[in-house]
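Reading through the C-alpha cells given below for one structure.
Any read-out appearing in this document is the output of simple, stated calculations on the displayed coordinates, not a laboratory observation. Treat the numbers as computed from the prediction; the structure is a model and nothing was measured. When we count neighbours, we look across all protein chains shown, and the Cβ atoms used for this are built from the backbone with ideal geometry, even at glycine.
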Amino acid sequence: MKKVIIHHRSSHHSEYSGYAKLINYIDDAEVISGENSILSERLARFVKRYCPQNFGGYDSVSAKKNEELLRKFLFSRNKNILIHYLNGERDIRQAINFLPKKIVNIATFHKTPTVLATEFNNLKYFQKLDGAIAVGINQVDFLKKWLNTENVVYIPHGVDTDFFVPDYSKRKEKSLLFVGQHLRDFEVLNYTIPFLVDKVHNLEINVVLKQKFQKKIIEHKSVNIFSGVDDITLREMYQKASLLFLPLTDVTACNSILEAMACGLPIVTTDLEGNRGYGLNEYNSFLVPKNDYSALLDTTLYAINKDTAHMAIETRENALKFSWNKIGLEVNKFYEQLKR
C-alpha cells in the first residue's frame with residue numbers, strides 16, 4: 001500500500017510536539033506539504049478566497065496541497081493508495097472530490113464534538129472520507145454519526161517520551177506550571193490564583209503561552225508569563241515544576257498534559273472524558289469537576305502539600321503507553337484494515 005500523508009503542523013508546536021511527529025513512525029510514507037506545488041502564492045490565495053470555511057479550514061497552503069495531490073494521483077494507475085490528512089479539520093477539499101474512488105481517504109480529527117458541530121456545518125467533503133482517527137475518546141460516537149461511517153477508531157495522540165523525560169533532581173516545591181491556550185479555562189485560572197497565593201507562602205506560578213494570549217492572564221506578583229520558549233527550556237520547566245496546573249473547558253488530546261506526564265510531573269486538571277482516555281485517574285493525578293472552583297482550590301492546596309513522588313513515577317509510566325512508536329503501530333494497523 002502506498003501511504004500519502006497530508007502534513008500539517010500548528011505554529012505553536014515545538015520540534016518535539018504536535019501530531020506531525022507521527023510521520024516519523026509511518027513506514028515509507030510520501031509527505032504532501034504544499035511545498036512542491038506549482039501554484040503561485042497569488043493563485044493559491046485566489047483559490048482560497050472561494051472556499052468557505054464551513055466546509056473545513058482552508059488557506060493558501062491548503063490549495064497548494066490539493067493541487068499537489070491532484071497532479072500526482074489523479075491519473076495514477078496504482079490501485080492501492082491511502083491518503084491520510086493529519087488534521088481533518090483542514091485541507092480536505094478539491095482532491096477528495098476528484099481523485100479516483102479506489103483511493104482510500106482518512107483523516108485524524110482533533111477538535112471537540114461541540115466545535116466540529118458548530119464551526120463546520122457543511123459535510124460535503126468530510127463525508128467522502130473512508131475512515132477517521134479520533135484522538136479523543138469523546139469524539140468517537142460523534143464522528144461516526146457526523147461522517148456517516150463506522151470506520152472510526154480511537155488512537156491517542158502520541159508524545160516524544162525520549163525527549164520529554166523526568167529529572168527529579170530539578171524539582172522545586174510550591175511551583176505551579178500552566179502551559180498553552182487552547183481550551184484553557186482562563187477564568188478559573190485567574191479566579192484561583194489570588195486564593196492560592198494567599199494560602200501558600202512563596203508560591204510560584206509560571207505560565208507559558210502564545211504572546212497574543214498574555215492579556216488573558218490577570219497580572220499578579222506571583223505569576224511569571226513566558227512566550228516563545230524553546231524546546232529545552234519548556235522541558236526544563238516541566239522538570240522543575242511541582243505540579244501542572246491546567247483547568248480546561250473541554251479536551252480531546254492535550255499536548256501539555258502528555259508532555260507533563262512524560263516528564264513525571266503530577267497534574268491538577270479538569271475531570272473530563274478526554275482526559276480519562278489518556279489514563280488520568282484518581283491514583284496518578286488530581287481530577288476536579290468542571291466549574292467547581294471550591295474543589296479546585298481545595299484539591300490544589302492538598303496537592304501542593306502532598307508527597308507526590310510515587311505519583312510522579314506512575315505518571316511517567318502512564319505516558320509511556322502513548323510513546324510515538326506505539327501510536328505509529330496502531331495507525332499502521334488501521335491503514336491495513338482499510339485496504340480496498
Using DSSP to define loop residues, name the GluC sites (Glu not before Pro) in the range 158-204 whose beta-carbon has at most 12 other beta-carbon atoms within 10 Å.
Glu173
In the chain, what percentage of the DSSP-assigned beta bridges are antiparallel, given to the nearest 5?
0 percent
Calculate the radius of gyration of the Cα atoms of the chain to one decimal place, then report Dmax, the largest Cα-Cα distance, as a whole number, both in Å.
21.2, 69
Let me check the size of the range 1-108 from its C-alpha atoms; what are the radius of gyration and Dmax in Å?
13.6, 39
Expressed in angstrom, Rg and Dmax over the Cα atoms of the range 168-320 are 13.9, 37
Neighbour cut-off at most 15 other Cβ (10 Å), DSSP loop, GluC sites (Glu not before Pro), the range 281-320:
Glu282
In the range 111-208, lysine pairs closer than 21 Å at Cα, eight or more apart or cross-chain:
10
